[in-house]
Number of protein chains: 2
Amino acid sequence: MNTRRTTIKDVAEAAGVGVATVSRVLSGGSASPETRERVLAVATQLDYRPSALGRNLRQQRSGGIGLLVPDITDSFYGRLADGVLACARAAGEPVILGTTGDDAEREAEQIGMLLEQGVGRVVAVPAGDAEIWAPTLRTGLTTVFAHRSAAGHGDVPAVLADDRSGVRTAVDYLTGLGHRRIAYLGGPGQEQRVAVFRQALGALVDEELIVFARGSRDSAYAAAAGLLQHRPDLTAVLAGGNLLGEAAVLAARELDLRVPKDLSMIMFDDVPWAELCSPPLTVIAQPAQDIGYRAAELVLREGGRRPRGVLLPTELVVRGSCGPRRAS
Amino acid sequence: MNTRRTTIKDVAEAAGVGVATVSRVLSGGSASPETRERVLAVATQLDYRPSALGRNLRQQRSGGIGLLVPDITDSFYGRLADGVLACARAAGEPVILGTTGDDAEREAEQIGMLLEQGVGRVVAVPAGDAEIWAPTLRTGLTTVFAHRSAAGHGDVPAVLADDRSGVRTAVDYLTGLGHRRIAYLGGPGQEQRVAVFRQALGALVDEELIVFARGSRDSAYAAAAGLLQHRPDLTAVLAGGNLLGEAAVLAARELDLRVPKDLSMIMFDDVPWAELCSPPLTVIAQPAQDIGYRAAELVLREGGRRPRGVLLPTELVVRGSCGPRRAS
DNA sequence: AAACATGATGGAATCGTTTCCATGAACACG
DNA sequence: CGTGTTCATGGAAACGATTCCATCATGTTT
């Protein structure tokens with residue numbers, strides 16, 4: 001099969017015009033109505049599709065948008081990615097996906113690859129801190145952070161859920177139910193949430209009840225089990241993500257703790273299975289898909305100056321995993 | 001900031017050689033040891049990264065691999081994508097992700113974009129049938145199907161879970177428990193599974209108990225609820241995916257059916273929440289991640305001829321959602 | 001009617017890389 | 001010593017698009 005791609009040259013020849021004219025017509029430049037029509041007709045007839053390769057090389061950027069998430073297996077990031085994809089599709093741009101495993105080094109590696117590919121726009125859930133991002137930002141990479149911003153963030157726009165309000169609501173709800181010893185089970189990059197947690201809890205804060213896991217399921221389970229075993233006196237736990245929540249449910253079951261009788265639970269991120277769980281989990285819903293969509297929108301808006309950031313609302317969804325403090 | 005990228009020309013100049021030599025050294029061609037060393041030294045010192053843009057244009061393909069899945073939000077496809085990403089990362093190749101929503105038209109659109117980007121390799125969960133894929137295959141796109149092959153499949157290699165064995169095992173298990181009226185709740189592209197289901201069930205098959213949903217959550221719920229309401233005499237249901245399983249659990253709960261007392265359930269695809277569910281769901285586990293990894297491996301092996309396909313084993317994981325047939 | 005503004009048009013340069021080909025040096029063999 | 005072979009090397013073409021710039025035609029103003 002000798003089917004070479006049809007190039008702009010073929011179109012130009014078939015339409016009896018120069019390549020420059022074809023390019024102009026196709027990218028909306030000025031051209032006389034009759035030429036435009038002829039070129040368009042020939043182009044569709046020949047089924048001409050401009051090669052992104054040639055264009056990219058010429059204008060020194062590949063148009064597409066890079067997407068860096070810690071773990072595409074995590075339902076939250078799956079939904080976030082879906083939002084980015086939806087926006088990118090509307091704009092006709094391809095999305096290059098990479099996972100960082102919440103590891104700064106791996107993140108740097110992925111950024112290197114994106115740069116090599118000529119990608120000029122990135123939506124990222126940052127793993128490294130601002131210091132690590134600074135050099136790559138200086139390369140001219142248009143960046144928008146999603147879900148969390150780099151610690152000590154520079155002026156990179158970020159699309160975030162309103163963690164502050166979410167944590168406050170959760171803490172208020174739990175203290176309102178009479179709970180005093182409330183634990184926070186956190187994941188990578190949740191320093192700010194914890195700060196708010198401390199602040200909201202005030203005098204009740206107990207540093208031993210603040211525990212961090214790394215990104216993996218194993219790590220989450222270990223942290224949850226350790227917490228519950230080490231401090232059986234706690235009566236409520238706030239899990240900072242669906243992985244952490246899953247781990248907490250598992251660990252509680254393992255220790256024969258009854259939810260919500262022995263232990264009240266709130267989980268960040270509403271996932272479909274929260275309703276299937278027994279008891280159904282009370283959660284703080286985050287608009288993951290919106291976060292992705294808005295971030296993609298922001299990163300594509302290259303012309304006008306971008307707002308510093310967007311804060312999207314969270315919502316407490318009360319189901320059945322929280323109850324009054326148990327009599328101790 | 002006037003920081004132009006360092007090009008191969010800069011390296012050549014700094015090393016006192018021609019650009020051709022630099023290119024050869026960097027891509028493993030022949031060169032004298034001392035030149036090679038000098039060029040390498042200069043390249044690292046200048047932090048030179050070859051631009052994929054130039055290379056791609058020259059060799060008419062973009063190296064990267066395209067990944068087309070119905071829905072990145074679905075845990076199964078998330079894991080599949082993770083496998084593809086892992087393999088691609090090992091090979092240093094970028095992955096362009098697109099979602100098809102199990103819609104042939106949208107799939108065609110995504111393929112068009114990939115072609116435009118010069119992508120020459122695709123791992124896809126096909127939505128359209130073989131007839132739809134034929135023209136794109138003729139363009140020279142190296143394709144590997146994952147999870148399912150296009151109906152009336154041509155000679156495209158495919159990496160599949162052993163559905164046949166999975167369905168048989170599930171049916172055997174349910175009939176062994178005494179069930180006679182067993183339903184299949186299917187999703188897009190599960191014709192082959194249903195065929196096996198019919199075959200395994202033999203004389204027990206009841207066409208009314210075979211129901212299909214489209215890809216969405218709503219559609220899955222509608223199908224499940226409709227099935228359970230219309231045929232309250234059925235005693236077991238086999239759900240063809242985690243979305244379908246979720247819908248079935250929800251619908252059963254809505255109708256106050258007790259699992260497994262009133263209704264036994266088996267779900268295709270083991271997801272983390274299957275264990276959290278109440279009762280924990282008996283499932284047929286599929287190696288989603290492996291499927292993705294192997295598919296990527298296959299699509300990257302361009303030289304040697306590829307095997308026609310790979311079949312990966314499934315496994316019945318017995319939990320608590322199946323019981324003996326209820327006394328009717 | 002001359003001068004000038006406007007707009008359509010095509011040739012050619014350009015992006016950064018790979019690869020073909022010619023050149024020249026070094027070396028081996030008869 | 002001459003011829004042939006091997007090898008490293010650099011110049012230049014090619015890939016397919018965009019875009020600068022010169023050219024030419026047309027219409028407008030003085």
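The values are calculated or read from the model by the stated rules, or taken from the named source; none is laboratory data. Predicted model only: the values in this text are computed from it and were never measured. We place every Cβ from the backbone using ideal geometry, glycine too, and count neighbours over all the protein chains shown. With ligands, DNA and RNA removed, areas are computed over all heavy atoms of the protein, side chains included. Shrake-Rupley method; radii C 1.70, N 1.55, O 1.52, S 1.80 Å.
Brief remarks follow.
- The value given for segment B:151-274 is a Kirkwood hydrodynamic radius of 14.7 Å, derived from the mean inverse Cα-Cα separation.
- Cα gyration tensor, the protein assembly as shown - rounded (a/c under 1.5), prolate or oblate: oblate
- Take each peptide in B:116-124, A:5-13, B:83-91, count the other Cβ atoms within 10 Å of every residue, and average; sorted highest first, the result is B:116-124, B:83-91, A:5-13.
- Global geometry of segment B:8-50, whether rounded, prolate or oblate, following the gyration tensor of its Cα atoms and the 1.5 cut on a/c: rounded
- Paramagnetic label zone (point 7 Å from Cα along Cα-to-C-beta, B:GLU37; backbone N under 18 Å) in segment B:7-26: B:15-17, B:22, B:25-26
- Carbon/sulfur fraction of accessible area - the protein assembly as shown, other protein chains in place, 1.4 Å, %: 49 percent
- Residue-level accessible surface for B:TYR293, protein heavy atoms, 1.4 Å, Å²: 80 Å²
- A 1.4 Å probe run over segment B:1-139, with the rest of the protein chains in place, finds 47 Å² accessible per residue.
- Sequentially through segment B:155-166, phi angles give Karplus couplings (6.51, -1.76, 1.60; θ = phi - 60°) of 9, 7, x, 9, 10, 10, 7, 7, 4, 3, 5, x Hz, Gly and Pro residues having no value and appearing as x.
- Where labels lie 7 Å past Cα in the beta-carbon direction, separation of B:ARG258 and B:ALA222 in nm: 3.3 nm
- Per the accessible-area calculation with a 1.4 Å probe, the total area buried between chain A and chain B rounds to 4200 Å².
- Over the C-alpha trace of chain A, radius of gyration and Dmax come out as 25.3, 89 angstrom.
- Anisotropy class of segment B:232-328 from Cα gyration tensor, a/c 1.5 cut: prolate
- Using C-alpha pairs under 8 Å with a sequence gap of at least 6, the mean separation divided by the residue count of segment B:163-286 gives a relative contact order of 24 percent.
- Applying 1/(1 + (r/R0)^6) with R0 = 41 Å to the Cβ-Cβ distance of A:ARG325 and B:SER278 gives a FRET efficiency near 0.95.
- Each of A:ALA12, A:VAL39, A:SER23 was placed along the dipole of segment A:8-50 (beta-carbon charges, centred on the mean Cα), and the one lying farthest toward the positive end is A:SER23.
- Comparing B:ALA127, B:ALA31, B:ALA108 in a Gaussian network model of chain B (Cα springs below 10 Å), the most mobile by mean-square fluctuation is B:ALA31.
- Residue-averaged beta-carbon neighbours from other chains (10 angstrom radius) around A:51-62: 6
- Once you reduce segment B:1-59 and segment B:95-132 to the center of their Cα atoms, the two points are 35 Å from each other.
- Candidate aspartates and glutamates for bridging to A:LYS9, where Cα separation is under 20 Å - those fewer than 8 sequence places away on the same chain excluded: A:GLU34, A:GLU37, A:ASP47, B:GLU116
- Inter-chain shielding of B:66-77 (mean C-beta neighbours from other protein chains, 10 Å cut-off): 3
- For segment A:75-135, applying the loop criterion from DSSP together with a ceiling of 12 other beta carbons within 10 Å to the chymotrypsin sites (Phe, Trp or Tyr not before Pro) yields no site.
- Placing a label point 7 Å from Cα along the Cα-to-Cβ direction at B:GLU315 gives distances to the equivalent points in the other copies of 3.9 nm, listed shortest first.
- Averaged over the residues of peptide B:272-281, the number of Cβ atoms from other protein chains lying within 10 Å of each residue's Cβ is 5.
- Of the trypsin sites (Lys or Arg not before Pro) found in segment A:248-297, those in coil by DSSP whose Cβ has at most 14 other Cβ atoms within 10 Å are A:ARG258, A:LYS261.
- Where labels lie 7 Å past Cα in the beta-carbon direction, separation of B:VAL19 and A:ALA104 in nm: 3.8 nm
- DSSP beta bridges fully contained in the protein assembly as shown are about 10 percent antiparallel.
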